[in-house]
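Engineer: Pasting a structure here, questions to come.
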Amino acid sequence: MADVEFNRWFFSGDVVLTYLALAGATCTVYDYITTLDIEIEVVWNRPKWKMPQGLFFLNRYVGLGWQIYTAFFYVRNLGVASEEGTTFNLIHSIFGFVVFFAMHGIMVYRVSSMYTHDRKILKILIIGFVVECTSFIVFQVALWYRGRMLTDSDVHIRNPVGFCGREKFPPWMFIVWIPLILFEFLIGTLAVALGVRYYQIVGSHGMFPNLPNSSRSSSLLFILLRDSIVFPFIFALSCILNLVTFYLFSTGLRPAISHITFLLPSTLSGVLGSRLILNLRESYYEPYEQEFNLRIENLTMTDSIELDGDIPMLCPNPISTTLPTMGN
């Protein structure tokens, strides 16, 4: 009987939520420790700070604090009565807003850089970003206002993690994920379109055939992975999961389940933004800089090149002066 009660407690949504919060914080801390040396070289050693570095700082360090604070709150209140849910929700929302949109700011700047800051592309990205931010803010305000209107019968103050959760979210709550998903697919589509264009040009012109390992340039998959083009689609999948979960929750799904699924995009948003910068530097610029130094003498690298009137393509700059496609 004791084993049955223990299993029921251990596998309850609230306990699983606590362990997942710990897992998210652990992954974020591990990612920070293992990439700190690259961060120092890429970000902190640059003489001047620009927008990408500021967005990187917000995404990296606010995200790290966000994950640690979330895990600490859940662990401390596991199985303990608490009325701190309102304060936690407020702090969690503010931290999440900063991290979430710092990540998207980095992605917008990345795609804009890929198109050499073309005005039409930049306008599309800015409009999409503003719509996304507005929908998120409106959603948070509406949810906060509805929370003030709830009666005691609608809210349970005490549960195993002390989380002030609603017995049922409003039926429209899943709508907030739709603009996020559309924006992620917008960014991903623009990036993939340019990646395919690059792949076609490189293949048709046989660029730099004598470079060591240059055969990898002919692989579309390599180009998509090298330029971290898959990042928006990874986050979009997590948003789709949340859309489905929140829709089901509005029909009676357990509150803890919605909080569990929300931990995935919250963890990803604190890692993907900074990784977008660090991965480009580590897997793109260093190998190509070495290749050019080995095989081509006195070649001046620029931010972009044009091939027979084709669209400009980003190329690596010297390793000592380049933050990956950011701020140059």
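The values are calculated or read from the model by the stated rules, or taken from the named source; none is laboratory data. Because the structure is a prediction, the values reported are computed rather than measured. Using ideal geometry, Cβ is built from the backbone for each residue, glycine included, and neighbour counts are taken over all protein chains shown.
Engineer: Criterion first (of a type in the set (A, V, I, L, M) and modelled with pLDDT of 85 or more) does Ala256 satisfy it?
Structural biologist: The answer is no for Ala256.
Engineer: Also: Which of (1) among the hydrophobic types (A, V, I, L, M, F, W, C); (2) modelled with pLDDT of 80 or more; (3) in contact with a Pro (Cβ under 8 Å, 6 or more places away or on another chain) does Phe249 not meet, given it meets every other one?
Structural biologist: The one condition Phe249 does not meet is (2).
Engineer: Moving on. Being outside any helix (DSSP H, G or I) and more than 27 Å from Val108 (Cβ to Cβ) is the filter; apply it to segment 8-62 and report the residue that is modelled with the highest pLDDT.
Structural biologist: Kept after step one, since they are outside any helix (DSSP H, G or I), are these residues of segment 8-62: 11-12, 45-50.
Now restrict to residues that are more than 27 Å from Val108 (Cβ to Cβ): 11-12.
Details: Phe11: 48, Ser12: 56.
Restricting to residues being outside any helix (DSSP H, G or I) and more than 27 Å from Val108 (Cβ to Cβ), the top hit is Ser12.
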